[in-house]
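Peer 1: Okay, handing you the structure first.
The values are calculated or read from the model by the stated rules, or taken from the named source; none is laboratory data. Owing to the predicted nature of the structure, the values given are computational and were not obtained by experimental measurement. Cβ sites come from the backbone with ideal geometry, for glycine too, and all protein chains shown count toward neighbours. Heavy atoms of the whole protein, side chains included, go into the accessibility calculation; ligands, DNA and RNA do not. Shrake-Rupley method; radii C 1.70, N 1.55, O 1.52, S 1.80 Å.
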Amino acid sequence: MHAMPMPHIAIFASGTGSNALRLLEYFRPQPSITFTVYSNKQDAPVLAKAAAMDVPVYTFGRPAFYQGDEVLEHLRQRDTQLIVLAGFLWMVPPAIIAAYPRRILNLHPSLLPRHGGKGMYGHHVHAAVLAAGDQHSGITLHFANEQYDKGDILLQAHCPVLPQDTPDSLAQRIRQLEHRFLPVAVEHLIQQLGN
Ligand code: GRF
């Protein structure tokens, strides 16, 4: 028997944060699981929404993230066990990657290795899928390592690309997949934490 895990989870988000909010809502009935939302943008919409749910938020600039250990120290102070990159656009620095092996989950809106790498985020990804004439797209949940979009894959989920799709309509379909599978994947990782 393992003790009930009471993990603290960091969610990193740069913008709207619909995935971050989805996670907060999904785990709301489980108050033993606590969160902090981190962002590189002082005015990211996700921050106000998280604060309205009484979730602590923390913002940082490039120097704090890339020079010194301010963010890593903050993660450690909160005894953070898992990091979820949900629409977070900066590369995670090596010290944080090294401190959280297979404990940093990244969400990517395509079926990696297709349409990944630097500069491939948001609409750039969906436009590339359409330009390539792919008949399927989907999401990839993978562990972050030192290279963009290259870490081990935990889960992929597929959806069709329709002839009349625009980057917007495809993005909507992808977001539905993300909202469905991200909480499930995080829950799975939380269960593994005790093992
Ligand atoms: C998602 O599509 C995610 O895959 C990508 O950025 C988007 C973020 O959306 N990395 P949101 O901010 O969670 O609404």
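Peer 1: When the residues of segment 81-112 are filtered to those that are of a type in the set (S, T, N, Q) and over 12 Å from the mean Cα position of the chain (by Cα), which remaining residue is farthest from I11 (Cα to Cα)?
Peer 2: S110
Peer 1: When you check M6 against the structure, is it out of contact with any Pro (no Cβ under 7 Å at 6 or more places or on another chain) and closer than 20 Å to L189 by Cα, yes or no?
Peer 2: It is true that M6 is out of contact with any Pro (no Cβ under 7 Å at 6 or more places or on another chain) and closer than 20 Å to L189 by Cα.
Peer 1: Would you check which residues across segment 150-173 are in contact with a strand residue (DSSP E or B) (Cβ under 7 Å, 6 or more places away or on another chain) and under 14 Å from A128 (Cα atoms) and list them?
Peer 2: Answer for segment 150-173, where residues must be in contact with a strand residue (DSSP E or B) (Cβ under 7 Å, 6 or more places away or on another chain) and under 14 Å from A128 (Cα atoms): V161, L170.
Peer 1: Could you grab me the full set of residues in segment 121-179 that are without any contact (Cβ under 8 Å) to a residue 24 or more places away in the chain and among the hydrophobic types (A, V, I, L, M, F, W, C)?
Peer 2: Selection gives V125, A128, A131, A132, C159, L162.
Peer 1: When you scan segment 67-86, do you find a residue that is in a helix (DSSP H, G or I), open to solvent by 50 Å² or more (accessible area, probe 1.4 Å) and within 16 Å of the ligand (Cβ to nearest atom), even just one?
Peer 2: Scanning segment 67-86 turns up no residue that is in a helix (DSSP H, G or I), open to solvent by 50 Å² or more (accessible area, probe 1.4 Å) and within 16 Å of the ligand (Cβ to nearest atom).
Peer 1: Limited to segment 94-117, what total is found for residues that are more than 16 Å from the ligand (Cβ to nearest atom) and not basic (K, R)?
Peer 2: Of the residues in segment 94-117, 8 are more than 16 Å from the ligand (Cβ to nearest atom) and not basic (K, R).
For (1) at pLDDT 95 or above; (2) touching a Lys or Arg at 6+ places or on another chain (Cβ under 7 Å); (3) among the acidic types (D, E), each residue gets a yes or a no:
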| site | (1), (2), (3) |
| --- | --- |
| D79 | yes, no, yes |
| I83 | yes, yes, no |
| G87 | no, no, no |
| R102 | no, no, no |
| P109 | yes, no, no |
| N145 | no, no, no |
| P160 | yes, no, no |
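Peer 1: If you don't mind, there's one more thing I want to ask. How many residues are assigned to a helix (DSSP H, G or I), away from the ligand (no atom under 15 Å from the Cβ), buried (at least 16 other Cβ atoms within 10 Å of the Cβ) and not β-branched (V, I, T) when one looks only at segment 139-195?
Peer 2: Summing the residues that are assigned to a helix (DSSP H, G or I), away from the ligand (no atom under 15 Å from the Cβ), buried (at least 16 other Cβ atoms within 10 Å of the Cβ) and not β-branched (V, I, T) in segment 139-195 gives 1.
Peer 1: Test each condition in (1) part of a loop (DSSP other than H, G, I, E, B); (2) open to solvent by less than 20 Å² (accessible area, probe 1.4 Å); (3) without any contact (Cβ under 8 Å) to a residue 24 or more places away in the chain for V92 and report the one that comes out false.
Peer 2: Going through the list (1) part of a loop (DSSP other than H, G, I, E, B); (2) open to solvent by less than 20 Å² (accessible area, probe 1.4 Å); (3) without any contact (Cβ under 8 Å) to a residue 24 or more places away in the chain, V92 breaks only (3).
Peer 1: Also, I was wondering about something else. Would you check which residues across segment 30-58 are over 15 Å from F88 (Cα atoms), away from the ligand (no atom under 16 Å from the Cβ), without any contact (Cβ under 8 Å) to a residue 60 or more places away in the chain and not in a helix (DSSP H, G or I) and list them?
Peer 2: Listed by number, the residues that qualify are Q30, P31, S32, T34, D54, P56.
Peer 1: Taking V125, is it in contact with a Lys or Arg (Cβ under 8 Å, 6 or more places away or on another chain) and either of a type in the set (A, V, I, L, M) or within 9 Å of the ligand (Cβ to nearest atom) (or both)?
Peer 2: It is false that V125 is in contact with a Lys or Arg (Cβ under 8 Å, 6 or more places away or on another chain) and either of a type in the set (A, V, I, L, M) or within 9 Å of the ligand (Cβ to nearest atom) (or both).
Peer 1: If we scan segment 20-29, do we find a residue that is part of a helix (DSSP H, G or I), modelled with pLDDT of 95 or more and surrounded by fewer than 16 Cβ atoms within 10 Å (Cβ to Cβ)?
Peer 2: Checked segment 20-29: at least one residue is part of a helix (DSSP H, G or I), modelled with pLDDT of 95 or more and surrounded by fewer than 16 Cβ atoms within 10 Å (Cβ to Cβ).
Peer 1: Look at G61 and say whether it is open to solvent by 50 Å² or more (accessible area, probe 1.4 Å), more than 16 Å from E178 (Cα to Cα) and without any contact (Cβ under 8 Å) to a residue 24 or more places away in the chain.
Peer 2: Taking the combined requirement at face value, the residue does not satisfy it.
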